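Worksheet: the structure to be examined is printed underneath.
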Amino acid sequence: MIQDRIDIWNTGEYNYPAAFGFVPNLMSYLHDEDETVRPALLIIPGGGYEFVSAREGELVALDFYDRGYNCFVLTYTVDLLDAVPLRMQALEDASRAMRLIRTIAPSYYIDPNRITVLGFSAGGHLAASLCVHHQDTIEIDPRLAAASPRPDAAILCYPVITSGELSHPGTIRALLGFSSVDDDFVPEVQIPGAEKWLADNVIPGCTTREEQLNYASLDKHVTPDVPPTFIWHTMEDQSVPVENSLLYMNALRRNGVPRSIHIFSNGRHGLSLANKAWADYRQNGSFTYEQVNRFTRMALDGKIKVSNETKKDLVMNSHFGTGVLTRDDQPVPEVTIWPQLADMFLKHTFGTEE
């Protein structure tokens, strides 16, 4: 297996104010045992656009690697304390990653016409954003500009889709700086350079709050050009209601986009593979926490002014801090079939069924 980190931005191309030296990157999981040309997955973990979940990265890549895919896990830009709204930055990260994979495809025996984006929760929002808004991204590297950022297929796992009443407000707040439920949100921390960065990074065609919320409601922007899409969700999801997936599925249906949806009866939010490996190995692929770890260190060292309570919350965070040790997750057998179903959907989509 070829497992390498690939920084997706070159020096001078990336300047998100709350990165603190972090550069968005891909971690590869590539076959090197023969010269078989394989399909690829761009895997985008969730985390509410506040962190990038390790539990939805490497475990998923290894599962689909075993199914014959070449896989890449994207660690994209996040906004840990909702201090500098991401706006287009995470989408630009995903677009650059897709263009980069297509460009290097011949060197790694990847079929450039069979590249699927696979996203979880907020990563599902980012994956679906790439499907519906990819034409709004700007590529400044002429070597990559010739490669399309449009995925050939999509797998959305309990995705955030809407910015309305059924949304996950924290996800939309980190993305836009506000959600439909908090008109007067004020971030705790002020990041140097944020004001200028925000002035230079706007959402295309959006000048009002309502226009930005509309842009983030992805079901409203589906067209027949959206790639074939596989979606799964659980009825018991209390964080991102199942209606998010249903809204997107209905938009796909209205536009004639090939689609498949699977709604499982039980299981909370954030199940990833939902198997024993997910329940037992919570820190697999912890490289996804680089940006939040850098942010936390800046806060603990007093270089970012936050309250002592916030410092404690960062250290004890149940995803990337010491609080993860207190979690008690159990596999959900019903849900563990989703990778097989998704694999079958992709084989049908790409005409490679045996």
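The values are calculated or read from the model by the stated rules, or taken from the named source; none is laboratory data. Just so we're clear, the structure is a prediction, and the values are computed from it rather than from any experiment. When we count neighbours, we look across all protein chains shown, and the Cβ atoms used for this are built from the backbone with ideal geometry, even at glycine.
Of the residues in the range 248-259, how many are touching a Leu at 6+ places or on another chain (Cβ under 9 Å) and either under 23 Å from residue 62 (Cα atoms) or exposed (fewer than 14 other Cβ atoms within 10 Å of the Cβ) (or both)?
Let us first name the residues in the range 248-259 that are touching a Leu at 6+ places or on another chain (Cβ under 9 Å), namely 248, 251, 258-259.
From what is left, the residues that are either under 23 Å from residue 62 (Cα atoms) or exposed (fewer than 14 other Cβ atoms within 10 Å of the Cβ) (or both) are none.
Count: 0.
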Original post:
What tally of residues in the range 135-150 results from selecting those that are among the acidic types (Asp, Glu) and either closer than 16 Å to residue 163 by Cβ or not in a loop (DSSP other than H, G, I, E, B) (or both)?
Top reply: 1
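Kindly indicate whether residue 114 is outside any helix (DSSP H, G or I), farther than 24 Å from residue 207 by Cα and in contact with an Asp or Glu (Cβ under 8 Å, 6 or more places away or on another chain).
yes
Per-residue answers, yes or no, for (1) more than 25 Å from residue 92 (Cβ to Cβ); (2) modelled with pLDDT of 95 or more; (3) surrounded by 13 or more Cβ atoms within 10 Å (Cβ to Cβ):
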position	(1), (2), (3)
186	yes, no, no
222	no, yes, yes
232	yes, yes, yes
263	yes, yes, yes
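From the list 63, 93, pick out the single residue that is more than 28 Å from residue 309 (Cα to Cα), under 12 Å from the mean Cα position of the chain (by Cα) and modelled with pLDDT of 95 or more.
93
Kindly check whether there is at least one residue in the range 191-210 that is part of a loop (DSSP other than H, G, I, E, B), among the aliphatic types (A, V, I, L, M) and free of Cβ contacts under 8 Å to residues at least 60 places away in the same chain.
Looking through the range 191-210, none of the residues is part of a loop (DSSP other than H, G, I, E, B), among the aliphatic types (A, V, I, L, M) and free of Cβ contacts under 8 Å to residues at least 60 places away in the same chain.
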Original post:
Looking at the range 291-306, which of the residues that are in a helix (DSSP H, G or I) and either aliphatic (A, V, I, L, M) or in contact with a strand residue (DSSP E or B) (Cβ under 7 Å, 6 or more places away or on another chain) (or both) is surrounded by the fewest Cβ atoms within 10 Å (Cβ to Cβ)?
Top reply: 300
Subject >> Evaluation of residue 7 against (1) among the charged types (D, E, K, R); (2) farther than 23 Å from residue 86 by Cβ; (3) under 17 Å from the mean Cα position of the chain (by Cα) (one fails), failing number >> reply: (2)
Original post:
For the range 324-354, how many residues are modelled with pLDDT under 95, surrounded by fewer than 14 Cβ atoms within 10 Å (Cβ to Cβ) and not in a loop (DSSP other than H, G, I, E, B)?
Top reply: 2
Original post:
Tell me, which strands (runs of 3 or more DSSP E) wholly within the range 3-57 include 2 or more residues that are touching a Leu at 6+ places or on another chain (Cβ under 9 Å), farther than 30 Å from residue 162 by Cβ and charged (D, E, K, R)?
Top reply: 5-7
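For every residue, the table says whether it meets (1) closer than 14 Å to residue 291 by Cα; (2) touching a residue at least 40 places away in the same chain (Cβ under 8 Å).
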{"position": "18", "(1), (2)": "yes, yes"}
{"position": "29", "(1), (2)": "no, yes"}
{"position": "78", "(1), (2)": "yes, yes"}
{"position": "94", "(1), (2)": "no, yes"}
{"position": "101", "(1), (2)": "no, yes"}
{"position": "104", "(1), (2)": "no, no"}
**OP:** Go through (1) part of a loop (DSSP other than H, G, I, E, B); (2) modelled with pLDDT of 95 or more; (3) aliphatic (A, V, I, L, M) and name the single condition residue 252 misses.
**Re:** (1)
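Take the residues in the range 170-183 that are among the β-branched types (Val, Ile, Thr) and part of a helix (DSSP H, G or I); name whichever of them is farthest from residue 49 (Cα to Cα).
Going through the qualifying residues, I end up with 172.
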**OP:** Only one of these is part of a loop (DSSP other than H, G, I, E, B), touching a residue at least 60 places away in the same chain (Cβ under 8 Å) and farther than 22 Å from residue 6 by Cα: 132, 160, 186. Name it.
**Re:** 160
**OP:** State yes or no: is residue 123 surrounded by 19 or more Cβ atoms within 10 Å (Cβ to Cβ), part of a loop (DSSP other than H, G, I, E, B) and either in contact (Cβ under 8 Å) with a residue 12 or more places away in the chain or of a type in the set (A, V, I, L, M, F, W, C) (or both)?
**Re:** no
